[in-house]
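Enquirer: The structure is given below, and queries will be raised subsequently.
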Amino acid sequence: MPGNMVTSEFLVNVDHERCRRCKRCILNCGFGVFDFQNMTTADSSKCVACHRCVVFCPEEAITITRNPLAFREHSSWDVDKRKAIWKQAQSPGMILTGMGNDLPWLNVFDHLLIDACQVTNPSIDPLREPMELRTYLGRKPDSLKVERDDGKFKLDSKVANNIKLDIPIMFSGMSYGSVSLNTHRALAIAAEELGTVMNTGEGGLHKELYPYRDHIIVQCASGRFGVHSEYLNAGVAVEIKVGQGAKPGIGGHLPGEKIGREVSSTRMIPQGTDALSPAPHHDIYSIEDLRQLIYALKEATGYKPVSVKIATVHNVAAIASGIARAGADIIYLDGFRGGTGAAPAVIRDHVGIPLEIALAVVDKQLRSEGIRNWVSIIAAGGIRSSADVVKAIALGADAVGIGTAALIAMGCRLCQKCYTGNCSWGIATQRPELTGRLDPDWGAERLINLVNSWSLEVKEVLGALGVNAVESLRGNRERLRALGLDESTMDILDVKPAGR
Amino acid sequence: MSKLAFGDQYSTWKVDTSKVPAACGLSGVISEDGNRMSGEIIIESMRVIHDRGNGLGGGFAGYGIYPQNAGHHAMHIMFEDEAGKAACEAMLAEELEVASAEEIPTAPSAAIVNPPLLWRYFALPRGEKVKASGLADDDFMVRLVMKINTTVPGTFVFSSGKNMGVFKAVGFAEDVGAFYRLGEYQAYTWIGHGRFPTNTPGWWGGAHPFNILDWAVVHNGEISSYGINKRYLEMFGYECTLLTDTEVMAYLFDLLIRKHGLPMEIACKVLAAPFWKDIDADEDVDEKELYESLRMVYASALVNGPFAVIVGYSRGMLGLNDRIKLRPLIAATKDDLLYVSSEESAIRQICPKPDRVWAPNAGQPVIGQLKGDV
């Protein structure tokens, strides 16, 4: 009987006329595709199309193509479904995957168009006029009291601690363990340089990164990995991770292979054990329990802002309202396209709702209850470009989080094999020979370049919209129009169709 | 067939919340000593900037015009027909003590086509109704005005303050002033407006000033941040039902000053917020914290995009530009008089030799205040 019925997804071809037999490809491939027996050979079945070999081959001798093997077409039984069945029939278990939902669900962002000024109001030139992106995250009072005192005005109220961001873009939580320490280093350096924050994810924070505390949000998830009082105070805010867009309803998964000495000491768990976060927080079985944890964390941190991260699920608006009323200062919405280091494909691809819709209903719900000022909203899980940033803010986000985009900036090819720990780019791996490949300074520079580019683009759009501060875009759905969305989706988004 | 004055827009402004771009000409004058001036002065000023309007809306507000009824809300109401008037009067009788009612005197002319019924009522809220509502008097009145304007067909309350009144119509400002016989009123503050809407036939209610209680706002500009300003106001119970940006401006003043108790100067710093670079450079730590906090808390009340606005209120008059001065605004003083206008010509027409003329900087309010009682 055949051992493996799943055919290779990609074919690796080495042009032996060009190949100088330098063996760089063998060294570079994290998945063990290449071998050398008189000449370079390739085992295509192991290839994930991460392109590391292609980029590093000095002779451009390697090509990777999609396996053209023909399957009899069937519109219901697409090849991926057949392959999944072969895999599970061969070895029982859930099919694991990495990164975000890759199914072609409707992308609402791609059906939203942005307005611009013509004649009746002037556009503003961002090259010549100030264009402000500064954003404060956290609870704000509904009003301020200002007294007139001796001809001077004096503030007679206090605003709670807020996180000041120079740009409305932050780095989403990606845990140390799931990604390498060098990845965390690059994110921290870039966050500091950009005047924004990185989120630790649920794996604690390596002591070496404590000096970046003004640019870090520390996460506290159901596994409580690496959570201790010094850690809780090693950032500007604490985030309670209830859910993640890629895997709503289940906890984080980190295979034991990725848990070496440093990860073990940071996470405070034994080396080599699987780090499986419980699906729920076992001290949060209801909203009143969440309130207790929020206030416990506030007490532990001298009342720093507390963020609550949830996956966008069907009833997200009511859940968000509950979170705001439970005392959270920030609600972090992670859409169903959000990335992950490891998740069952069935969850990643089929559970949750799009960020755009969740964001729209949460913002609307909080406004209808008059409590929008109580919390800031961060939108993440599906932000791919500066256009998405603009649209998310117009739908009601205070800021956005980027994870996948940040990894792509540092070399990630979206091969979706993070859970194997073999990342050839040194990002989603703990193998020392691989992690050394990502130079944190190089990575940081690329992150800074990317985010600065997006900031420039956001400013350009603000100028075209005739506003010079990002708060005039925030929640301003009047400046969006829908093209090709159905009536009920437009109604939910509170966005008019193009032409109206 | 409804009258042209309300026209097809009538059905639209009750349901559609989209806005209509409009450019305009403005003028205002206040006597800080409280000396009353005939309405002729503001008509004369507006006449010079005729070309800033296109005949699709003109209007005025005067403060101090009803000294005999100073304690009552002067409700100026336009009715499309007798049925609307009857329905509205029934509601008024239920909610208010109406001391007197009369038709607003007009001088019909060819320049003003198809006027609606124009009436004014001097009234006070019924104590027991206010008590039952659990609201303060002013909030009760705001809610009543919004209720009439959104639920009573063919009815529009266009003025509801005390000892002040708004007069507006479809037409050029100077024709509107003559139509309402403004020369027969004496006010210590006058503001005027000529409208240039770009894609509406114009309707009487959409002309400026826009009024809510004591506030009368004339406005030249298009609010690029309208969508969020409107949604912000909705959180505090304001319903933006008109087709103009101006009501947003009026409600923001009402919210910030009357409800939140912010000083006028500070409200201006919310609407036309100083830039972060200037706040960051402020060496006065307290002031820096004040402005930083204002921008944090009132981010959604920042009015972005071009505007010049003149706001009348019982104790004063304000002129304000957007934060980068994208619309014209000129100010001048002469003795106890402060003038603010879109154009210097409109000031010089009624004050040929001002003591001082200047162009206020972006976001810097010009405020004239009554020195004593009037």
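Enquirer: Return the distance in nm (one decimal) between the two label points of a simple spin-label model at A:Glu257 and A:Leu456, each offset 7 Å from Cα along Cα→Cβ.
Expert: So the label points at A:Glu257 and A:Leu456 sit 4.0 nm apart.
Enquirer: May I ask you to order A:357-365, B:331-339, A:296-304 by the average number of other C-beta atoms within 10 Å around their residues, highest value first?
Expert: Going by the mean number of other Cβ atoms within 10 Å, highest first, we get A:357-365, B:331-339, A:296-304.
Enquirer: Going through the range B:214-288, which GluC sites (Glu not before Pro) have at most 10 other Cβ atoms within 10 Å and a DSSP loop state? Walk me through the intermediate numbers first.
Expert: Working: sites: B:Glu222, B:Glu234, B:Glu239, B:Glu247, B:Glu265, B:Glu283, B:Glu287; in loops: B:Glu222, B:Glu239, B:Glu283.
Within the range B:214-288, the qualifying GluC sites (Glu not before Pro) (loop, at most 10 other Cβ atoms within 10 Å) are B:Glu283.
Enquirer: If you count, for every residue in A:136-147, the Cβ atoms of partner chains within 10 Å of its Cβ, what is the mean?
Expert: Average neighbour count from other chains, rounded to a whole number: 5.
Enquirer: For the protein assembly as shown, treating each Cα as an identical point scatterer without solvent, what Debye log10 I(q)/I(0) comes out at q = 0.04 1/Å?
Expert: Rounded to two decimals, the profile gives -0.23.
Enquirer: Also, quick follow-up: Lysines near A:Lys23 by alpha-carbon distance under 24 Å, same-chain residues fewer than 8 away left out - which ones?
Expert: Reachable lysines: A:Lys46, A:Lys417.
Enquirer: Here is a further query. At a Cα cut-off below 19 Å, give the lysines reachable from A:Lys304, other chains included and same-chain residues fewer than 8 away excluded.
Expert: A:Lys140, A:Lys158, A:Lys164, A:Lys241
Enquirer: Suppose every K and R has +1 on its Cβ and every D and E has -1 on its Cβ; what is the size of the dipole of the range A:163-497 about the Cα centre, in Debye to the nearest 20?
Expert: Charge dipole, the range A:163-497, about its Cα centre: 240 debye, nearest 20.
Enquirer: Checking understanding here: applying a Kyte-Doolittle mean of at least -1.0 and a length along the axis of at least 27 Å (C-alpha), which whole DSSP H helices in chain A pass?
Expert: Numbers: long enough: A:440-465 (37 Å, 0.17).
Membrane-span-like by this rule: A:440-465.
Enquirer: Which residues' amide hydrogens lie under 5 Å from the amide hydrogen of A:Ile402, considering only partners 5 or more residues apart or on another chain, with H built in the peptide plane?
Expert: For A:Ile402, the qualifying residues are A:Met170, A:Phe171, A:Ser172.
Enquirer: Each residue of the range B:314-321 in turn: what ³J(HN,Hα) in whole Hz from Karplus with 6.51, -1.76, 1.60 and θ = phi - 60°, glycine and Pro shown as x?
Expert: In residue order, the calculated couplings are 4, 9, x, 9, 10, x, 8, 10 Hz.
Enquirer: Quick one: how many lysine pairs in the range B:133-271 have C-alpha atoms under 18 angstrom apart, if they're 8 or more apart or on different chains? Mind showing how you got there, number by number?
Expert: Details: B:Lys147/B:Lys230; B:Lys162/B:Lys259; B:Lys230/B:Lys259; B:Lys259/B:Lys269.
Eligible lysine pairs with Cα atoms under 18 Å apart amount to 4.
Enquirer: Using the Cα atoms as the points, what is the convex hull volume per residue of the range B:124-279 in Å³?
Expert: Dividing the Cα hull volume of the range B:124-279 by its residues yields 158 Å³.
Enquirer: What Kirkwood Rh does the range A:163-497 have if only Cα atoms enter the pairwise 1/r average? Answer in Å.
Expert: 19.8 Å
Enquirer: Order these peptides, B:74-86, B:306-318, A:67-79, by their mean beta-carbon neighbour count within 10 angstrom, highest first.
Expert: Result, highest mean Cβ count within 10 Å first: B:306-318, B:74-86, A:67-79.
Enquirer: Let me ask something else about it. Other chains' Cβ within 10 Å of A:159-165 residues: what's the mean? Write down the numbers at each step before the final one.
Expert: On the way: counts 6, 1, 0, 3, 0, 2, 0.
So the per-residue partner count for this stretch is 2.
Enquirer: Kirkwood Rh over Cα pairs of the range B:9-369 into Stokes-Einstein at 10 °C, 1.306 mPa s: D in µm²/s?
Expert: Translational D for this selection: 78 µm²/s.
Enquirer: For a label point 7 angstrom out from the Cα of B:Ala99 toward its Cβ, which stretches of the range B:47-63 have the backbone nitrogen within less than 19 Å?
Expert: B:62-63
Enquirer: Mind listing the phi-derived Karplus ³J(HN,Hα) values for the range B:223-238, rounded to whole Hz, using 6.51, -1.76 and 1.60 with θ = phi - 60°, and x for any glycine or proline?
Expert: 8, 6, 9, 2, x, 7, 4, 5, 5, 5, 5, 4, 4, 9, x, 7
Enquirer: Do the alpha carbons of any pairs in B:Lys288/B:Lys325; A:Lys207/A:Lys247; B:Lys277/B:Lys334 sit beyond 26 Å of each other, and which pairs?
Expert: From the list (B:Lys288/B:Lys325; A:Lys207/A:Lys247; B:Lys277/B:Lys334), the Cα-Cα distance tops 26 Å for A:Lys207/A:Lys247; B:Lys277/B:Lys334.
Enquirer: What do you get for Rg/Rh of the range B:56-203 when both radii come from the Cα atoms and Rh is the Kirkwood radius? Intermediate results must be reported in sequence, preceding the final value.
Expert: Values: Rg = 15.5 Å, Rh = 16.0 Å.
Here Rg/Rh amounts to 0.97.
Enquirer: What does the helix-only formula give at 222 nm for chain B: each DSSP H stretch with n ≥ 4 adding -39500 (n - 2.57), the total divided by the residues, and the result rounded to the nearest 500 deg cm²/dmol?
Expert: Helix contribution divided over all residues of chain B: -8500 deg cm²/dmol.
Enquirer: Which aspartates and glutamates, on any chain, are close to B:Lys131 with Cα under 17 Å apart, when same-chain ones fewer than 8 places away are left out?
Expert: Straight-distance partners of B:Lys131: B:Glu94, B:Glu95, B:Glu97, B:Asp139.
Enquirer: Any idea how far apart A:Glu288 and B:Lys147 come out in nm if each label point goes 7 Å out from Cα toward Cβ?
Expert: That separation, rounded to one decimal, is 3.8 nm.
Enquirer: Here is a follow-up. Order A:408-414, A:143-149, B:126-132 from most to least packed using the mean count of other Cβ atoms within 10 Å. Mind showing how you got there, number by number?
Expert: Details: A:408-414: 19.9, A:143-149: 15.6, B:126-132: 12.6.
Result, highest mean Cβ count within 10 Å first: A:408-414, A:143-149, B:126-132.
Enquirer: Using the Karplus curve 6.51 cos²θ - 1.76 cosθ + 1.60 with θ = phi - 60°, what ³J(HN,Hα) values do you get for each residue of the range A:235-243, in whole Hz, with x for Gly and Pro?
Expert: x, 8, 7, 10, 10, 8, 8, 8, x
Bear in mind that the values in this text are calculations on the coordinates, not laboratory data. Remember, predicted model here, so these are calculated numbers, not experimental data. Note that each Cβ is placed from the backbone with ideal geometry, even for glycine, and that neighbours are counted across all protein chains shown.
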